[in-house]
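See below for the structure under consideration.
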Amino acid sequence: LAQPVTPDLLVSPSSQDGDLGSECPEDRGNWTGRLDFLLSCIGYCVGLGNVWRFPYRAYTNGGGAFLVPYFIMLAICGIPIFFMELSLGQFSSLGPLAVWKISPLFKGVGMGTILIVSLVAIYYNMIIAYVLFYLFASLTSDLPWQHCGNWWNTDLCLDHHVIRAGNNTLPVNISNTVSPSEEYWSRYVLHIQGSSGIGDPGRIRWNLCLCLLLSWTIVYLCILKGVKSSGKVVYFTATFPYLILVMLLIRGVTLEGAWKGIQFYLTPQFDHLLSSKVWIEAALQIFYSLGVGFGGLLTFASYNTFHQNIYRDTFIVTLGNAITSILAGFAIFSVLGYMSQELGVPVNQVAKAGPGLAFVVYPQAMTMLPLSPFWSFLFFFMLLTLGLDSQFAFMETIVTAVTDEFPYYLRPKKASFSAVICIALFLMGLILTTEGGMYWLVLLDDYSAGFGLMVVVITTCLVVTRVYGMKRFCRDIHMMLGFKPGPYFRACWMVLSPATMMALLVYNIVKYQPSEYGNYHFPTWAEVLGILMGVLSCLMIPMGMVVAVLQEEGTLWERIQQASRPAMDWGPSLEENRTGVYVGSLAGSQSPKPLMVHMRKYGGITSYENTAIEVDREMEEEEDEESM
């Protein structure tokens, strides 16, 4: 005889029901420790840009005065958008594609995000491959970029030992010379002399190819089990860079001439604040440093429990990221000050940004220190750990987005699917390991996450506040955290953040400059290809709209209205967290009273249930007012 089935609501409190006893969907996975999420966010936001972009941006835009627009832009743009992304992810427990159940008409925004993240992941891992190359090269008693006289050096090569000797006798003309570290980077690591330009990539550099393969292997092994494995790796990769940064900082400030560099870095030039360029640069630094719009924050938050205090986490991560950038500036410029004194040239002649700082200037400075291989290894190990946890986030975003779209097929095979994605992106990145690979890397860096990313973030902000509705969004946060966002957040979401990002977008288009690498100017076809990369992510939005409208019925206007409303199953992923309009809207839902699930689980009413009751009462009052 068949066993009688007990209806869900009649199960006794002592019964052990797997679905009701868990705080997160089991098959999706969730963070296993309390600090996993916080450290993952810190690791994701604190990346290579904090070390090689912020210090240079600060000194070129008014030194210490740059901190004024930097913190204002953090308050207007950074913190509010950061909190919005975390709220969307945590409330829905969905990735960057499926989260658009909030308004299916705009699902193309999620598709644009995935395209941007995929392009960034390709070249970001190539930078990690360069770091691995230098890391292995540092395992020697004499750094290979310390002296001239190697097969890759030219007659223009002149090392600092000769310059120092020259300072004591005759002055040495260094204007037409090249440092050993610069020739090591361009002629040995990149072997760029084997390529005439972006259209002539040349041969694959097998040592770089193996480093790229190793970096993809490391990334795959760390994301193998999703957030369960990457959440543990970040305990090391998010904290260890701080230890090394402090060591480099202490070593830097104790060097002769260090204060010369720090003074150069921090001397305030308040006249710069009257220039719009400085404010735009501050906003850009915040925008890219916090990683908003890439889907990483939303993905990480989607693995949280429903009542995680993301409000507190927002301030910890955003302010921690800003302080790290400022600290990194001290570590970098103290060494540059020492280097300028050693070479007898002004600090602004040795200061560079981007790969030029990481792979040319800082390695050259390392050769001037006692125990130079040790300091070089530490510096590149710090860059490795800074880069890896950002790359974990990019990969987790892509994998989560697609598996949330096809949960029945892909979630059980998540490890295999992650392997397929890693292999595909590795193969696409092979062109970056050629002799002309640096030209392709510059093109990807300049265009993949430019105006396309800004369009994605602006659209997200407008959809959440205008289409979904500010009142409804604040009510969702109230249901989740127990309080509503204050006037500061509401003002930023409604006006200040979108307006600032629109100004950024217009500035980027008006002040557009073609890409270049050193003295090499990119051909027109390469520029067009780069612009198309940016435009394609924007085109995903109207393409998604067309698909959403075609799936609805009725007249065109009716279809648009239906597609812009939240999907039937939009809301918290667990039955027990659904109140008010979200009750009983889950597929296969049997229970109309999630509150009974809470009472069975906790043995009484908690503060969150009180919030749920308040939210329900508010909604009932609003409905009564509308009906009157």
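The label-point distance for Thr140 and Lys484, in a model that sets each label 7 Å from Cα toward Cβ, rounds to 6.5 nm.
The amide H of Thr434, built 1.01 Å from its N in the peptide plane, has Arg205 as neighbours under 5 Å, considering only residues 5 or more places off or on other chains.
Between the beta carbons of Trp206 and Tyr235, assuming R0 = 35 Å, the FRET efficiency works out to 0.55 to the nearest 0.05.
Can you compute the FRET efficiency between Asp271 and Met494 using 1/(1 + (r/R0)^6), with r the Cβ-Cβ distance and R0 = 45 Å? Round to the nearest 0.05. Efficiency for this residue pair is about 0.85.
Helix-only mean residue ellipticity at 222 nm, the chain, DSSP H runs n ≥ 4 weighted -39,500 (n - 2.57), per residue, nearest 500. What is it?
Rounded to the nearest 500, the figure is -19000 deg cm²/dmol.
The candidates Arg187, Arg578, Arg34, arranged from most to least accessible area with a 1.4 Å probe in the full protein assembly, appear as Arg34, Arg187, Arg578. Across the chain, the mean sequence separation of Cα contacts (distance under 8 Å, 6 or more residues apart), normalised by length, yields a relative contact order of 30 percent.
Can you give me the % of accessible surface on the chain that is carbon or sulfur? Probe 1.4 Å, all protein chains present, nothing else counted. The partial results should precede the final answer.
Details: 16950 of 26440 Å².
The C+S portion of the solvent-accessible surface of the chain is 64 percent.
Coupling constants for segment 64-71 follow from the phi torsions by the Karplus curve (6.51 cos²θ - 1.76 cosθ + 1.60, θ = phi - 60°), and in residue order they are x, 5, 4, 5, 5, x, 4, 6 Hz; glycine and proline get x. 3J(HN,Hα) along segment 436-453, derived from phi through the Karplus expression 6.51 cos²θ - 1.76 cosθ + 1.60 where θ = phi - 60°, amounts to x, x, 5, 5, 5, 5, 4, 4, 5, 5, 6, 10, 5, 10, x, 5, x, 5 Hz, with x in place of Gly and Pro.
If I stretch the segment between Ile323 and Val546 completely, what's the gain in nm (0.36 nm per residue apart, minus their alpha carbon distance), one decimal?
Full extension of this stretch gives 75.9 nm more.
Can you pick out the pairs among Lys107/Lys277; Lys225/Lys352; Lys232/Lys414 whose Cα atoms lie more than 28 Å from each other? Spell out each step's value before the answer.
Working: Lys107/Lys277 34 Å; Lys225/Lys352 39 Å; Lys232/Lys414 18 Å.
Cα-Cα > 28 Å for Lys107/Lys277; Lys225/Lys352; rest within.
With θ taken as phi - 60° and the Karplus curve 6.51 cos²θ - 1.76 cosθ + 1.60 applied, the whole-hertz 3J(HN,Hα) list for segment 300-308 is 4, 5, 5, 9, 7, 6, 5, 9, 4 Hz, x standing for glycine and proline. For Val178, the amide hydrogen comes within under 5 Å of the amide hydrogens of Cys157, Leu158, counting only partners 5 or more places away or on other chains and with H modelled in the peptide plane. Computed from the Cβ-Cβ distance with R0 of 25 Å, the FRET efficiency linking Ile531 to Ala75 stands at 0.15. Between amide H atoms placed 1.01 Å from N, distances below 5 Å from Ala449 occur with no residue 5 or more places distant or on a separate chain. For Ser40, neighbours were defined as the other residues whose beta-carbon sits under 11 Å from its Cβ, and their charges (Lys and Arg +1, Asp and Glu -1) total -3.
For segment 443-514, trypsin sites (Lys or Arg not before Pro) meeting the loop criterion (DSSP other than H, G, I, E, B) and having at most 15 other Cβ atoms within 10 Å: Lys511.
A 1.4 Å probe run over the protein chains yields, for the chain, 42 Å² of accessible area per residue, whole-number rounding. Tell me the label only: which of [x] 97, 60, 49; [y] 128, 69, 46; [z] 74, 71, 64 is Cα extents along the principal axes in Å as calculated from this structure? From the options [x] 97, 60, 49; [y] 128, 69, 46; [z] 74, 71, 64, the structure gives [x].
The values are calculated or read from the model by the stated rules, or taken from the named source; none is laboratory data. Small disclaimer: the values here were computed from a predicted structure and weren't measured. Note that we place each Cβ from the backbone using ideal geometry, even for glycine, and neighbour counts take in every protein chain shown. To get the accessible areas, we keep the full protein, side chains included, count just its heavy atoms, and leave off ligands, DNA and RNA. Shrake-Rupley method; radii C 1.70, N 1.55, O 1.52, S 1.80 Å.
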